[in-house]
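Contents: one structure, followed by commentary.
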Amino acid sequence: MLAALLALLLSGEPETVIMNPAPTAADWAALAKLPDWSGVWTPGISDQVRRIKADPVPWKPELAAQVKALEAEEAAGRPKGLFVDCLPEAMPSWMLISHNAMEVLFTPGRVTLLGESDGNRLRRIYTDGRGHPPDPDPTFHGHSIGHWEGQTLVVDTVGVLPETYLAVSEAVGIPNDGDLHVLERIHLAAPDVLHDELEIIAPRILTRPWKTTRLFYRQRARKYDIVEGVCLQGFFAERKDAHGNAVFVPLPHVDGNPVAQPGRSPP
Amino acid sequence: MTPSRLLVCVVLASVALTARSARAHHSFAMFDFEKVVTLTGTVKEFQWTNPHVVLWVNADGKDPKKPDVWYLEMTSPGNLTRGGWSRKACNAGDRVTVELNPLRNGDLGGALIKVTNQTTGQTFSTNLRDMEKPNLK
């Protein structure tokens, strides 16, 4: 006791430790009042493509040449690989261009989006009333806080790595370059159709905030359940070693890409 | 050559074979979706891994000792499972007929449209656009 008092006197103000409280029975019961987003959600890929054409990204003029060149390469059958190194599509590109399913989990104080195919495709959206940290460490999916407005989850995301792409396809995108801010309103537009209305504020690469919407369709058939998907597994061949053990044998690759791909010469 | 050295050689040869693989998360723009090629052959290997499943086929040709080895890509195991596939849809040695959209550059590869496995009598196809509605069975 005396030692603790002495330490306090010497160190000045005690450090404030923010504790995450244990959820109460009432917290768990409150989840039942939220809309039902259970099941597996498959993306509307045709709608993604249609919306990107109908409402193109307002790229800054100085980036237009880069985007045009990427589009030309893709059209010519020489797509630049934005994600060939298996790094996550990140925010907001996961929501914008994914071809893969996701599921949504509600727990007290949090909504969690779990996606398929690239291993750590995961968004944690804190709904416990906290704000963003003053200077969050940038991550692929950023720091997300949310709150419910009726049946709509309103999400605010900052702290996304500047190197991650604002992508309109798997071959066309520009790194956000920092200061990215994404606002979302996620809600059921029909009993089994989820809409994610996005407002993407990327002042370093866009002339104005870009608003667009993405659709996801609910599936309940068990064969639609999310399966584990580790993108990097594709960098290995499943073989036997000299002892007969089942092993992953790394495929040769350079700069995160296999040394040869169909349609591309080895670098 | 000792048995273990022989096995190492087999392993290395297998790695060399798969080095052409585009086992990364990528666009499918390198495939020509205006063209459809049909080929018949024998399954060399069925690689059931993310992010893209790959079917290797030894296509029937003039010289059975030197078959053309085709590399056929599709979507992920999760998406294929939803379309009725499994990792046992194709097995090494199975006789198959495959429809594909070929690589634009003329290499022996393509995006798989449909495979008819003559050995098992089963047919599998894949089109994510077929999953763009809710409550599919």
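The C-beta contact set for region A:34-50 (first residue farther than 20 Å from A:Val227 by Cβ and assigned by TED's automatic domain parsing to the domain that holds A:His99, second residue β-branched (Val, Ile, Thr) and part of a helix (DSSP H, G or I), distance under 9 angstrom, 6+ apart or interchain) comprises A:Gln48/A:Ile97. Candidates are the residues of region A:113-137 that are over 13 Å from the mean Cα position of the chain (by Cα) and surrounded by 14 or more Cβ atoms within 10 Å (Cβ to Cβ); the one that is nearest to A:Asp177 (Cα to Cα) is A:His132. For region A:193-237, the set of residues classified as exposed (fewer than 15 other Cβ atoms within 10 Å of the Cβ), within 9 Å of another protein chain (Cβ to nearest Cβ) and among the β-branched types (Val, Ile, Thr) is empty.
Looking at B:Thr123, B:Thr116, B:Thr81, just one residue is of a type outside the set (Gly, Ala, Ser), within 12 Å of another protein chain (Cβ to nearest Cβ) and not in a loop (DSSP other than H, G, I, E, B), and that residue is B:Thr81. The one condition from (1) within 9 Å of chain B (Cβ to nearest Cβ); (2) modelled with pLDDT under 95; (3) outside any helix (DSSP H, G or I) that A:Thr42 does not meet is (2).
Residues that are assigned to a helix (DSSP H, G or I) and either modelled with pLDDT of 95 or more or under 11 Å from the mean Cα position of the chain (by Cα) (or both) within region A:75-112 comprise A:Ser93, A:Trp94, A:Met95, A:Leu96, A:Ile97, listed in sequence order. Only one of the numbered conditions (1) of a type in the set (Ser, Thr, Tyr); (2) part of a loop (DSSP other than H, G, I, E, B); (3) at pLDDT 95 or above is not met by A:Ser169, and that is (3). Residues being over 16 Å from A:Met91 (Cβ atoms), surrounded by 17 or more Cβ atoms within 10 Å (Cβ to Cβ), within 14 Å of chain B (Cβ to nearest Cβ) and among the small types (Gly, Ala, Ser) are represented in region A:163-171 by at least one member.
Of (1) more than 10 Å from every other protein chain (Cβ to nearest Cβ); (2) loosely packed, with under 14 Cβ neighbours inside 10 Å; (3) out of contact with any Leu (no Cβ under 9 Å at 6 or more places or on another chain); (4) at pLDDT 90 or above, B:Lys66 satisfies all except one. Which? B:Lys66 satisfies every listed condition except (4).
The values are calculated or read from the model by the stated rules, or taken from the named source; none is laboratory data. Just so it is clear, the model here is predicted, and its values are computed rather than measured. We place every Cβ from the backbone using ideal geometry, glycine too, and count neighbours over all the protein chains shown.
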